[in-house]
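Colleague: Pasting in a structure now, in structure tokens, and then I'll have a few things to ask.
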Amino acid sequence: KIEVDLELPNVISIPELMVFGENSISIIEPSKLILLATSYSHFAPTQYDFGISWRPFAPLLLSLDLNYALYSEFRNPSPYTYVELEGGLSDLFPIEEAPYPPDPKFRDILISAFGVEFRSLSKKHIDIDLRAGYTYRPTPVTDRSTSFNFVDSNEHIVSVGLGLTFKELLRILPRPMSLDVYYKHHFLEPRRIDRPVWDPIGSFEITGFIPHGGAVLITRF
């Protein structure tokens, strides 16, 4: 678990209030205003991982990964301000403690990922691997969470890849050199967020997708 706890304390001292000059009379005793602003950010949940791979025959490799993430640990990142007034002014201006930001009520989730790799070609100077994968991430945001404007939906991730391993290409690089290219497509299921009729934003629906690609070059010495 990772979480940044930010606290900004501040104390303001207010001197005694006097009247009538030399024959001054104290009408308000010294006071102290205590301010404390707190918030939480950069949250990453506690996670438990389990992974297994299986090669049923030489060219084929199968893998399964399970990740259990404790999103119920997530705390509302909305800032909370604590104000306390001590001394003479506290009798004139009583301050009620502000309520804490409501619990977002996230739930723990199980993320599953399946992958397959097939070596389609293996020659003296080159190996070619074909890869594909699928990941499902259920949303940690419950229906109760959406009332606090935490909006998310279930996510599906499909990926394909190609791996090229070059062997004995040059004398200066006697060990294999690899080039891996991949494409991933993230898709968020449509989800409707229902709001009361008096809500200024109103009801709405979310969905989305993220295309993602890349390449990795590996040289070995």
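The values are calculated or read from the model by the stated rules, or taken from the named source; none is laboratory data. Quantities reported herein were computed from a predicted structural model and do not represent experimental measurements. Quick reminder, even Gly has a Cβ in these numbers, built from the backbone with ideal geometry, and neighbours come from all protein chains shown.
Colleague: With S72, S39, S112, S122 as the choices, which residue is surrounded by 11 or more Cβ atoms within 10 Å (Cβ to Cβ) and either β-branched (V, I, T) or more than 24 Å from the chain's Cα centre (by Cα) (or both)?
Modeller: The match here is S122.
Colleague: Something else now. Condition first: free of Cβ contacts under 8 Å to residues at least 40 places away in the same chain and exposed (fewer than 12 other Cβ atoms within 10 Å of the Cβ). Now tell me which residues in region 1-17 satisfy that. First the steps, then the outcome.
Modeller: As a first pass, look at region 1-17 and keep what is free of Cβ contacts under 8 Å to residues at least 40 places away in the same chain: 4-13, 15.
The answer is V4, D5, E7, L8, P9, N10, V11, I12, S13, P15.
Colleague: Pull up region 42-61, narrow it to residues that are exposed (fewer than 14 other Cβ atoms within 10 Å of the Cβ) and in contact (Cβ under 8 Å) with a residue 40 or more places away in the chain, then point me to the one that is farthest from T142 (Cα to Cα).
Modeller: Per the stated criteria, the residue is A58.
Colleague: Could you say which residue among P99, P104 is surrounded by 17 or more Cβ atoms within 10 Å (Cβ to Cβ), modelled with pLDDT under 95, at negative phi and not in a strand (DSSP E or B)? Working first, answer last.
Modeller: Details: P99 fails: surrounded by 17 or more Cβ atoms within 10 Å (Cβ to Cβ).
The conditions single out P104.
Colleague: If we scan region 78-89, do we find a residue that is within 30 Å of S53 (Cβ to Cβ), β-branched (V, I, T) and surrounded by 13 or more Cβ atoms within 10 Å (Cβ to Cβ)?
Modeller: no
Colleague: I need the full set of residues from region 162-186 which are farther than 13 Å from L217 by Cβ and touching a Lys or Arg at 6+ places or on another chain (Cβ under 6 Å), in order please.
Modeller: R175
Colleague: Further question: Restricting attention to region 172-193, and to residues there that are part of a strand (DSSP E or B) and basic (K, R), which single residue is surrounded by the fewest Cβ atoms within 10 Å (Cβ to Cβ)?
Modeller: R192
Colleague: Looking for whichever is within 30 Å of D129 (Cβ to Cβ), small (G, A, S) and either in a strand (DSSP E or B) or under 16 Å from the mean Cα position of the chain (by Cα) (or both) here; the options are S13, S78, S53. Which one fits?
Modeller: S53
Colleague: Which residues, taken from region 25-41, are hydroxyl-bearing (S, T, Y) and touching a residue at least 12 places away in the same chain (Cβ under 8 Å)?
Modeller: Passing the criteria: S31, T38, S39, Y40, S41.
Colleague: Then there's this: Exactly one condition in (1) more than 28 Å from A113 (Cβ to Cβ); (2) surrounded by 13 or more Cβ atoms within 10 Å (Cβ to Cβ); (3) at pLDDT 85 or above; (4) not basic (K, R) is not met by F204; state its number.
Modeller: Of everything listed in (1) more than 28 Å from A113 (Cβ to Cβ); (2) surrounded by 13 or more Cβ atoms within 10 Å (Cβ to Cβ); (3) at pLDDT 85 or above; (4) not basic (K, R), F204 misses just condition (2).
Colleague: Then there is this: Output the residue which, of all residues in region 68-96 that are of a type in the set (G, A, S) and under 19 Å from N154 (Cα atoms), is modelled with the highest pLDDT.
Modeller: Filtering region 68-96 down to residues of a type in the set (G, A, S) leaves 69, 72, 78, 87-88, 90.
Remaining after also requiring under 19 Å from N154 (Cα atoms): 69, 72.
On the way: A69: 97, S72: 94.
Among those that are of a type in the set (G, A, S) and under 19 Å from N154 (Cα atoms), it is A69.
Colleague: Output the residues belonging to region 128-171 that are in a strand (DSSP E or B) and crowded, with 17+ Cβ neighbours inside 10 Å.
Modeller: Answer for region 128-171, where residues must be in a strand (DSSP E or B) and crowded, with 17+ Cβ neighbours inside 10 Å: D129, R131, G133, T135, R137, E155, I157, S159, G161, G163, T165.
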